[in-house]
1. For the range C:182-246, run through the chymotrypsin sites (Phe, Trp or Tyr not before Pro) and keep only the ones in DSSP coil with at most 14 other Cβ atoms within 10 Å of their Cβ.
2. Mind pulling the per residue volume of the convex hull built on the Cα atoms of the protein assembly as shown? Å³ is fine.
3. Taking chain C as a Gaussian network, where each spring joins two C-alpha atoms under 10 Å apart, which residue of C:Thr208, C:Thr20, C:Thr357 fluctuates the most?
4. Within the range A:207-252, report the GluC sites (Glu not before Pro) that DSSP leaves as loop and that have at most 14 other Cβ atoms within 10 Å.
5. Please order C:Met278, C:Met343 by the number of other Cβ within 10 Å, starting at the fewest.
6. Relative contact order of chain A, please, whole-number percent, based on alpha carbon pairs below 8 angstrom and at least 6 residues apart.
7. What shape does the range B:2-82 take by its C-alpha gyration tensor, where a ≥ b ≥ c are the square roots of the eigenvalues and a/c under 1.5 counts as rounded, a/b above b/c as prolate, and the rest as oblate?
8. Pick from B:Leu103, B:Leu175, B:Leu91: which is most flexible by mean-square fluctuation in a GNM of chain B where alpha carbon atoms under 10 Å apart are linked?
Amino acid sequence: MRITKKKPLTLNLNKFKSKVSSLKPDTKKVIKKVSSIKNNIFRIIKQVKKEFRLLWSDKFNIFLAIVMPPLIIVFLGLTMTDAPQEAQSIPCVVVSYDSNTFINPNDFFESQLDNYTIPYVNAVNKSSLLELVRFYNATEEIYAMEQARTALLEGTINVIISLPVDFTELIELGLPGLIDCIPDASKMVHIQANINAVYDSIKIFINDTNLKPQFVIRGFEEFTIPEGYSSNFNTNIIMAFSFMIFGVAFVLSILIVVQEKPIARLLLTPVTRSEILLSKFIAYTLVLLLQDSLLIVSALSMGLYLAGTVTDLFLALFMIGFSGIAMGIFISSQSKTKTQANQLFLAFYLVIILLSGIFIPIENMPPYLQVIAYILPLSHGDPLIRGIITKGQSIWGFHFYWLLGICIFLVLFSFLIFKRRKYEV
Amino acid sequence: MRCEKISISKKKKEMVYVKDLNVKFGDKHVVHDVNFNVNQGEIIGLFGISGAGKTTIVRVLTCQIEKKNWTGDVKVTGLTPAKKYNHPIILSRIGYVPQLELLNLYFDLSPMVNVEVFTSTYGMNKKDAKEVAEKLFRILDLPEDTWNKPVKHMSGGEKKRLSMAIGLIHNPNVLFLDEPTTLIS
Amino acid sequence: MYLGGLIRKEFGRIKSDKRTLVLLFIVPIILILVFGLTSGVGITKFFTSAIITRDSMPTFDDFSANSSKYDGTFISIMKNETSSWDLYRYYNATDQVEYDRAYQNCYKFLQNGDVDIIIVLPENFSESVENKTNPVLIYHIDASDAQAIAAIEVAIQEPIALFRAKTDMIANFTIMIPYLEFDVPFWESAILNYAIPLILPIIILGTTMNLTSLSIVSEAPLPRMLITPTAKREIILSKLIANSIVMFLQSTEIFVTIAFFGLYSLGSLFYFYLVLIMIGFSGICIGLFISALSPTEQSANQMYLIMFIIIILFSGTILPLNITDPSVQIILNLLPLSNAVPMITDITLKGLSLNLTSLFWLNLSSLIYVTLAYIIYMFKKLEV
């Protein structure tokens with residue numbers, strides 16, 4: 001057996017060094033003064049370019065962020081048409097106790113007057129807002145009200161109209177005639193429509209029976225949506241606008257600091273933390289501008305009537321979206337892990353939408369909740385957009401400045417937090 | 001921990017000077033009285049068991065650890081990392097190849113784009129950076145077909161070599177390498 | 001079957017992520033607490049008005065004498081005696097110039113949202129009241145407020161009724177007295193109980209979707225796990241089971257808290273509890289679908305938000321949708337809120353039992369989402 005002494009492994013450093021040094025450009029020419037403003041701008045531009053490249057590497061995400069919101073607006077436009085009148089008739093029953101014996105408590109005089117029962121039932125039939133399913137004369141059908149309540153419970157009718165025993169008598173005596181209206185109150189959104197429908201029948205009844213004197217009410221609607229536009233779409237798109245632009249911008253920016261691991265390595269170069277964060281703000285703001293434009297274009301194409309200017313609407317949406325970006329970057333800057341950022345996103349988002357006034361009006365909340373609600377962006381975004389779209393208000397008002405204040409606060413704090421964040425490679 | 005010095009050049013310009021370096025994080029004393037210096041052209045290796053403080057020393061030299069956590073006299077390319085205003089200048093003169101590629105490379109971007117991202121911070125224009133990068137990639141034996149594909153598709157060794165290329169590309173005065181032989185064949 | 005081990009692994013992951021647990025269990029409680037403490041606070045003033053009276057202007061055409069006796073009565077009623085009206089400002093215009101100026105001011109109030117309605121009492125207001133002819137009331141309303149437009153005709157009956165009583169104009173006056181059926185009794189928290197059918201499902205859906213929407217895409221060792229006898233269906237199933245158990249605990253906790261804070265329920269509490277669980281299960285399935293489909297965490301987050309927005313906007317509970325196309329109706333039925341909200345309302349406010357159609361659609365949609373998650377994951381390319 002032959003034992004050969006192996007030479008120790010050495011790197012021919014001279015050769016390696018000479019190869020590498022032959023590559024070097026003139027250091028003085030290539031690496032300019034690190035602290036010049038021109039170089040700062042150059043670095044920021046390059047960082048912005050990097051952000052776009054990172055965004056583009058996740059095409060599915062970009063598709064969801066840019067294409068989906070306008071698609072949702074389009075679908076909303078297609079589904080939110082103004083329904084024809086016939087489809088809006090509210091099914092009801094009339095239960096009349098008018099034919100029962102009425103005993104006048106003053107003189108104990110008995111009467112069974114029911115002259116006004118049938119005129120009223122005719123008025124209900126005439127009303128386009130009501131659909132009379134059944135008329136019960138409770139004098140003849142003693143279980144009328146029970147049957148009516150069963151129908152209400154089952155949902156076959158939305159309202160019970162009851163004429164009390166003294167209906168005709170009171171009118172004849174020159175006193176106010178009373179009609180009991182029992183709407184299904186389990187669906188809050190329909191209560192007003194039910195009551196309006198019953199009132200419509202009363203108006204017809206008064207007209208037909210020529211009961212005087214009556215107040216004549218003449219109404220004029222200001223800031224109306226012109227003919228040819230869907231009022232349903234126009235009133236409801238506002239909520240969808242603020243909801244979406246804020247949410248999409250928020251979620252797009254929630255991970256951009258915390259998931260970028262090479263920031264630690266990047267900080268071992270002349271680039272500063274401010275430049276890195278600023279480039280993120282710039283890049284995502286540019287994306288927001290695109291999202292904004294697409295949202296407005298899709299809404300206008302679906303028949304959005306805009307009383308104000310497109311510029312104001314664009315600015316308003318931009319402000320709401322930017323508050324989402326600022327909030328996302330703020331959370332991302334202080335989160336240690338992606339999981340933490342995701343959790344904070346959900347907590348913030350749930351609270352923001354629940355206190356935005358969409359589900360419960362802010363005026364109905366207790367004072368301490370109102371304070372919190374009015375700090376949050378959506379509470380100002382909605383009235384801002386509403387004012388511009390429906391009333392042609394200018395953007396320069398309290399809501400805009402408040403949103404601006406929120407954005408400035410979040411941006412400043414993001415920079416502060418990011419500057420103090422520990423990065424180690 | 002021990003340092004081994006391999007002198008190659010006779011030039012004596014001091015690139016790294018460390019005297020009485022102590023690093024403490026709260027009550028934890030991590031580095032005790034370290035002294036060494038590295039002249040231009042020299043290569044030194046820091047050897048030690050895990051937890052000895054090797055990476056911590058490198059972090060002090062690369063301005064990653066705040067002054068409040070360390071004491072001693074430290075100079076890198078003649079400037080002390082103790083002063084924050086020296087950091088951009090020091091960082092423009094040093095190169096760093098970290099141990100973990102995850103912290104060093106944008107996996108969703110290609111090697112060329114990674115080069116562009118990092119070289120732009122030194123003010124290098126795209127054309128120059130691309131030229132130098134291509135030559136470095138050839139020296140470091142990075143296959144040409146990987147240059148324009150996302151880094152996540154590269155093997156571990158290729159990622160390591162790409163890290164090295166990025167560390168070298170701006171021609172630093174001092175190059176710091178953390179566990180450089182991992183994954184290298 | 002390695003299901004037991006996988007389920008244990010899932011529990012370990014959920015348990016180690018303490019913040020998610022906080023989110024899942026504490027945040028709904030805080031929200032319920034907050035809304036529960038709003039009991040007794042309801043709508044006080046619905047309409048804020050500005051009144052311009054032209055009654056002082058002379059009008060001799062139809063009447064023997066000029067009068068402006070009654071406009072003050074009307075204004076006083078609007079200011080002090082109505083329950084749902086608030087008077088912001090009133091103007092007494094004695095000539096056209098004053099009227100124009102007053103109207104311009106009021107228009108600005110309307111535009112700024114300071115008032116909802118401008119009421120104008122015409123020149124012959126008091127004369128009509130005195131002579132028992134039909135007095136005219138003119139109003140200008142902010143048409144951008146759909147609620148206001150819907151309510152104005154009925155709401156104005158209140159001050160009119162009070163005015164008629166004060167001015168002895170009660171003859172031939174017909175009024176409607178509403179008795180709300182299936183409403184929340186006055187001694188219960190109206191805000192909380194009306195909000196529950198909508199807010200609870202949103203909270204449960206939001207948190208359970210979040211629980212699972214990153215469960216596949218963020219679990220880095222999953223591809224490594226597939227280089228073992230573990231099958232993809234076992235992975236999906238283990239996530240479904242483990243997260244469902246956590247969701248079950250959350251639903252129980254929410255149910256107990258709601259009951260403690262005064263849940264008003266005419267119907268069976270068991271049915272209510274069952275619906276909460278089904279909503280939670282739906283959220284878990286949607287989350288798994290999102291996680292299986294998304295290539296990255298960022299896109300999973302984005303998809304979570306888009307789905308959440310779609311579920312809320314197209315459920316028909318917040319925005320009125322007029323869908324006549326049956327195929328579109330089917331798609332909308334696959335959104336959990338479309339069926340969950342009416343089910344909860346029927347149980348709590350009407351005392352009905354579970355609506356089988358809604359039940360069917362809610363569970364079918366969950367099944368569809370989890371099946372889609374499974375199919376997508378089966379075809380997903382995963383490499384170590």
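1. The qualifying sites are C:Phe186, C:Trp187.
2. 213 Å³
3. C:Thr357
4. Loop-located and lightly packed - A:Glu227.
5. C:Met278, C:Met343
6. Rounded, it is 18 percent for chain A.
7. The shape class here is oblate.
8. Evaluated over chain B, the most mobile residue of the options is B:Leu103.
All of the numbers you see were taken from the coordinates with simple rules; none came from a lab. The structure displayed is predicted, hence computed values, not measured ones. Please note: Cβ atoms are built from the backbone with ideal geometry, for glycine as well, and neighbour counts cover all protein chains shown.
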